[in-house]
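S.K.: The structure under discussion is supplied below as structure tokens; questions concerning it will follow.
The values are calculated or read from the model by the stated rules, or taken from the named source; none is laboratory data. Predicted model, so just to flag it, every value in this text is computed and none were measured. Note that each Cβ is placed from the backbone with ideal geometry, even for glycine, and that neighbours are counted across all protein chains shown.
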Amino acid sequence: MSLIRLQNISRRYQMGAETIHALREVSLEIDRGEYVAIMGPSGSGKSTLMNLVGCLDTPSSGSYELNGVNTSEMDDNQLAGIRNREIGFVFQTFNLLPRANALRNVELPLIYAGLSNEERKTMALDALTQVGLADRIHHKPNELSGGQRQRVAVARALVTNPSIILADEPTGNLDSRTGEEIMALFETLSRKGNTLIVVTHEEEVARHARRILRIRDGLIASDEKTEKKSGVDAVLAVL
Amino acid sequence: MNFFTEVKEGLFIAWDAIRANKLRSILTTLGIVIGVVTVTLMGTAIDGLNRAFLRSVSMLGADVLYLSRTSWFIDSYEEWLKVRDRRDITLAQVRELEKQMTLARAIAPFVDARRPVKYKNRNSSSVVVIGTTEQFQFTSGSVVGQGRFLTAEEADGGRPVCVVGSEVATNLFQQGPALGNKIKVGQQVFEVVGVLEKQGNFLGHFNLDNQVIIPVKQFLGGIWHDPDFEVQVKVIDVKQLEDAKEELRGIMRKIRRVPPGKEDDFAINQQESFISTFNRVAGTIATVGLFITGLSLFVGGIGIMNIMFVSVAERTREIGVRKAIGAKRRTILIQFLIEAASICLLGGVLALAIAWPVTFLIGKFLPATLSLTVAGIALLVSILTGVISGFFPAWRAARMNPVDALRNE
Ligand SMILES: Nc1ncnc2c1ncn2[C@@H]1O[C@H](COP(=O)(O)OP(=O)(O)OP(=O)(O)O)[C@@H](O)[C@H]1O
Ligand SMILES: [Mg+2]
């Protein structure tokens, strides 16, 4: 059974008299443990697809099954629960809470999950250790570099041990070296068995993935598996 | 996430947000502070007014029945028409009553008129002259400061003596001694044998400071030949007030020959009815006063609503992030409600800190203190203001679409 199963998903926006077709009848399956890159020109519908997969948005038509559960019939609260348990988001602009330190930012999803203070602290610390920031837990976002901020965001995404980690242009605001660090981190997560979906403009970044989806005008233009990249270990050595 | 953790988390976030926008929070709070201060002071003043009234009333004792031709309170023209032809209560009737009443400690006939009072070249143009007996000292609860009260013989007979209220004494004699002086009341001359202690003047009805008490016989002789009397009946035991009232009623019906089945042609008043009327008036004052001061609280509430809208707009991104990682609508709603309520609660606490010393100032005029109840209500009202005015902005935040919120720059 596929982890993600989209069937004839469309997403339309009504702008006055004009209807914008951000996605047109997209069907797609992604299995557990896959590492998928989504590429395509600006405005092609990549973010729209991510938002639908992440249950932030609901399709205009079509059905979406996550873990065998149909999400089309869920209400707002149930979707919030799914996002909390099943999905980890990483954004281009990090989206950390500015006044909270790294530890608290990572704790946040666990607070919404209703975990006790001790459980939260242990898990958040563990996630921050995984991204190599165990010594920065009391720093606020403005006391961290861009790459460190994004690593805090990654820690926040994986702290709940979600089924999927979704990243929308995670390296978009980083220089190429820092971007490579984040991609190496994703590589490690993928090896540990996490399911990853990464939206990107850069071929370099996409090459880390095992599968590349290319989107054009709201349609999947191509869907190909990549050979295992040999340079991965070299990248890991950078860390 | 359960409600308790939601509230705890909400408090944490609220405190954080308030601290992050110190100046803005203080300015917003100002509206609430002013609102709560005015409401609290109004409440305190009304409370003080009530107490001052009760204190004045109880000076006369709650154990006195006031028999008169008509009720103190005539509510309608119809009622007035019904009672206006009733026969007067005469001194003879009072004498008869004195003989028969068993549950009374003191019975005093009472009649009054306004007359100018003169001492040498000093003048008091409008003094209340009371004609009564020595019993009045007990029924009225007045305390003699200098000299003595009227004696039974004086009340009954001819000696022209009088007891004056403290205000009359100061007006006529200023710093000089009052006792032994002869004053002119109307056309008669009276010797001052006593001066009453100052009673204070909260309600004119009970004020004995601007009065001259003369023997009832003198009153009948010199001021008014056949007046309508009021009779003050002080009962032996306040617990028997109702029994005494029934006894008084029975005796008066007999004395005034009211046929069985017909209603009384007199009225027995009690302070209770006076109190209930006062309560009605005070209630109106309180409603109007609190309404007007409540308006300022309302304005403060609008300020809170405004700033909460700003806060929600500013933190659209944050709301988007919170929703993306699993915050439910309710969680966001509670978060912003608590933030609004916290700002208001802060305002309420500040307001109490301001209102407290001000009540001391009020305390100079009225027996007012900032009671724990008023303080509690003030805090409750401020929290409520926060919740009510914060609801609409919080609701907007809770309903935000996460995708749009995240896209917000
Ligand atoms: N809220 C919206 N209202 C109207 N149109 C929208 C909205 N969101 C997206 N669109 C439109 O849908 C199409 C797809 O947008 P989307 O954000 O998915 O593009 P993208 O592939 O992520 O582009 P980019 O690489 O620039 O991020 C665009 O044409 C966009 O204008
Ligand atoms: Mg995009």
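S.K.: If you take the residues of region B:17-29 that are surrounded by 14 or more Cβ atoms within 10 Å (Cβ to Cβ) and in a helix (DSSP H, G or I), which of them is nearest to the other protein chains (Cβ to nearest Cβ)? Reasoning before the result, please.
M.R.: At the first step, the residues of region B:17-29 found to be surrounded by 14 or more Cβ atoms within 10 Å (Cβ to Cβ) are B:17-18, B:21, B:24-26, B:28-29.
Next, from what is left, pick out any that are in a helix (DSSP H, G or I): B:17-18, B:24-26, B:28-29.
Details: B:ALA17: 8, B:ILE18: 11, B:ARG24: 15, B:SER25: 14, B:ILE26: 18, B:THR28: 19, B:THR29: 20 Å.
Per the criteria, the residue is B:ALA17.
S.K.: Does at least one position in region B:277-290 carry a residue that is away from chain A (no Cβ under 14 Å), within 30 Å of B:THR133 (Cα to Cα) and either modelled with pLDDT of 95 or more or not in a helix (DSSP H, G or I) (or both)? Quick ask: steps written out before the conclusion?
M.R.: Pass one, region B:277-290, residues away from chain A (no Cβ under 14 Å): B:277-290.
Next, only the ones that are within 30 Å of B:THR133 (Cα to Cα) stay: B:277-278.
Remaining after also requiring either modelled with pLDDT of 95 or more or not in a helix (DSSP H, G or I) (or both): none.
Scanning region B:277-290 turns up no residue that is away from chain A (no Cβ under 14 Å), within 30 Å of B:THR133 (Cα to Cα) and either modelled with pLDDT of 95 or more or not in a helix (DSSP H, G or I) (or both).
S.K.: Before we move on, is A:ARG32 among the basic types (Lys, Arg), away from ligand 2 (no atom under 16 Å from the Cβ) and part of a strand (DSSP E or B)? Full working, then the answer.
M.R.: Numbers: among the basic types (Lys, Arg): yes; away from ligand 2 (no atom under 16 Å from the Cβ): yes; part of a strand (DSSP E or B): no.
No; evaluated as a whole, the condition is false for this residue.
S.K.: Same structure, new question: Restricting region A:99-136 to residues that are of a type outside the set (A, V, I, L, M, F, W, C) and more than 14 Å from chain B (Cβ to nearest Cβ), which is nearest to the chain's Cα centre (by Cα)? Steps first, answer last, please.
M.R.: If we filter region A:99-136 for residues that are of a type outside the set (A, V, I, L, M, F, W, C), which is where we start, we get A:99, A:101, A:104-105, A:107, A:109, A:112, A:114, A:116-122, A:126, A:129-130, A:132, A:135-136.
Restricting the remaining residues to those that are more than 14 Å from chain B (Cβ to nearest Cβ) gives A:121-122, A:126, A:129-130, A:132, A:135-136.
Numbers: A:LYS121: 23, A:THR122: 23, A:ASP126: 19, A:THR129: 19, A:GLN130: 17, A:GLY132: 19, A:ASP135: 25, A:ARG136: 23 Å.
If we take residues in region A:99-136 being of a type outside the set (A, V, I, L, M, F, W, C) and more than 14 Å from chain B (Cβ to nearest Cβ), then A:GLN130 is nearest to the chain's Cα centre (by Cα).
S.K.: To continue, here is another question. For region A:181-220: of the residues being more than 21 Å from A:LEU96 (Cβ to Cβ) and acidic (Asp, Glu), which is farthest from ligand 2 (Cβ to nearest atom)?
M.R.: Looking at residues that are more than 21 Å from A:LEU96 (Cβ to Cβ) and acidic (Asp, Glu), I get A:GLU187.
S.K.: Restricting to region A:135-161, count the residues that are of a type in the set (Ser, Thr, Tyr) and surrounded by fewer than 19 Cβ atoms within 10 Å (Cβ to Cβ). Reasoning before the result, please.
M.R.: Start the filter on region A:135-161 by keeping residues that are of a type in the set (Ser, Thr, Tyr), which leaves A:145, A:160.
Those left that are additionally surrounded by fewer than 19 Cβ atoms within 10 Å (Cβ to Cβ): A:145.
Here the count works out to 1.
S.K.: Any chance region B:377-384 includes a residue that's crowded, with 22+ Cβ neighbours inside 10 Å and under 30 Å from the mean Cα position of the chain (by Cα)?
M.R.: Filtering region B:377-384 down to residues crowded, with 22+ Cβ neighbours inside 10 Å leaves B:378, B:382.
If we keep only those that are under 30 Å from the mean Cα position of the chain (by Cα) too, we end up with B:378, B:382.
Taking every residue of region B:377-384 in turn, at least one turns out to be crowded, with 22+ Cβ neighbours inside 10 Å and under 30 Å from the mean Cα position of the chain (by Cα).
S.K.: Residues that are β-branched (Val, Ile, Thr), away from ligand 2 (no atom under 16 Å from the Cβ) and part of a helix (DSSP H, G or I): does region A:157-177 have at least one? Steps first, answer last, please.
M.R.: So the first thing to find is which residues in region A:157-177 are β-branched (Val, Ile, Thr), and the list is A:159-160, A:164-165, A:171.
Filter once more, keeping what is away from ligand 2 (no atom under 16 Å from the Cβ): A:159-160, A:164-165.
Going one step further and asking which of them are part of a helix (DSSP H, G or I), we end up with none.
Looking through region A:157-177, none of the residues is β-branched (Val, Ile, Thr), away from ligand 2 (no atom under 16 Å from the Cβ) and part of a helix (DSSP H, G or I).
S.K.: Still on this structure: Restricting to region A:46-62, what's the tally of residues that are away from chain B (no Cβ under 13 Å) and within 13 Å of ligand 2 (Cβ to nearest atom)?
M.R.: The number of residues fulfilling the criteria is 1.
S.K.: Quick one: count up the residues across region B:352-409 that are more than 20 Å from B:ALA14 (Cβ to Cβ), free of Cβ contacts under 8 Å to residues at least 60 places away in the same chain, away from ligand 1 (no atom under 16 Å from the Cβ) and of a type outside the set (Phe, Trp, Tyr).
M.R.: Selection size over region B:352-409: 7.
S.K.: Now a separate question. Being more than 11 Å from chain B (Cβ to nearest Cβ) and closer than 24 Å to B:ARG317 by Cα, is that true of even one residue in region A:77-88? Talk me through it step by step, then tell me what you get.
M.R.: Here is the first cut: in region A:77-88, the residues more than 11 Å from chain B (Cβ to nearest Cβ) are none.
Within region A:77-88 (the criterion being more than 11 Å from chain B (Cβ to nearest Cβ) and closer than 24 Å to B:ARG317 by Cα), the answer is no, since none of the residues qualifies.
S.K.: In addition: Against the definition (surrounded by fewer than 23 Cβ atoms within 10 Å (Cβ to Cβ), within 29 Å of A:VAL53 (Cβ to Cβ), more than 14 Å from chain A (Cβ to nearest Cβ) and more than 16 Å from ligand 2 (Cβ to nearest atom)), how does B:ARG329 come out, yes or no? Before you say what the answer is, go through the steps one by one.
M.R.: Details: surrounded by fewer than 23 Cβ atoms within 10 Å (Cβ to Cβ): yes; within 29 Å of A:VAL53 (Cβ to Cβ): yes; more than 14 Å from chain A (Cβ to nearest Cβ): no; more than 16 Å from ligand 2 (Cβ to nearest atom): yes.
No.
S.K.: Let me spell it out: the conditions are (1) buried (at least 18 other Cβ atoms within 10 Å of the Cβ); (2) over 30 Å from A:ASN95 (Cα atoms); (3) β-branched (Val, Ile, Thr), and B:VAL403 meets all of them except one. Which number is the exception?
M.R.: (2)
S.K.: Given the conditions (1) assigned to a strand (DSSP E or B); (2) away from ligand 2 (no atom under 16 Å from the Cβ); (3) more than 29 Å from B:GLY10 (Cα to Cα), and given that A:ALA37 satisfies all but one, which numbered condition is not satisfied?
M.R.: A:ALA37 satisfies every listed condition except (2).
S.K.: Do you know which residues across region B:78-97 are in a helix (DSSP H, G or I) and under 33 Å from the mean Cα position of the chain (by Cα)?
M.R.: Within region B:78-97, B:GLU78, B:GLU79, B:TRP80, B:LEU81, B:LYS82, B:VAL83 meet the criteria.
S.K.: If I ask for residues that are among the β-branched types (Val, Ile, Thr) and touching a strand residue (DSSP E or B) at 6+ places or on another chain (Cβ under 9 Å), which ones from region B:256-310 would you list?
M.R.: Just the residues of region B:256-310 that are among the β-branched types (Val, Ile, Thr), to begin with: B:258, B:268, B:275, B:277, B:281, B:284-285, B:287-288, B:292-293, B:299, B:302, B:304, B:307, B:310.
Hit for region B:256-310 is B:ILE268, nothing else.
S.K.: A further question follows. Quick one: which residue in A:LEU3, A:LEU103 is at pLDDT 95 or above and more than 16 Å from ligand 2 (Cβ to nearest atom)? Before the answer, list the steps.
M.R.: Details: A:LEU3 fails: at pLDDT 95 or above.
Of the residues listed, the single one that is at pLDDT 95 or above and more than 16 Å from ligand 2 (Cβ to nearest atom) is A:LEU103.
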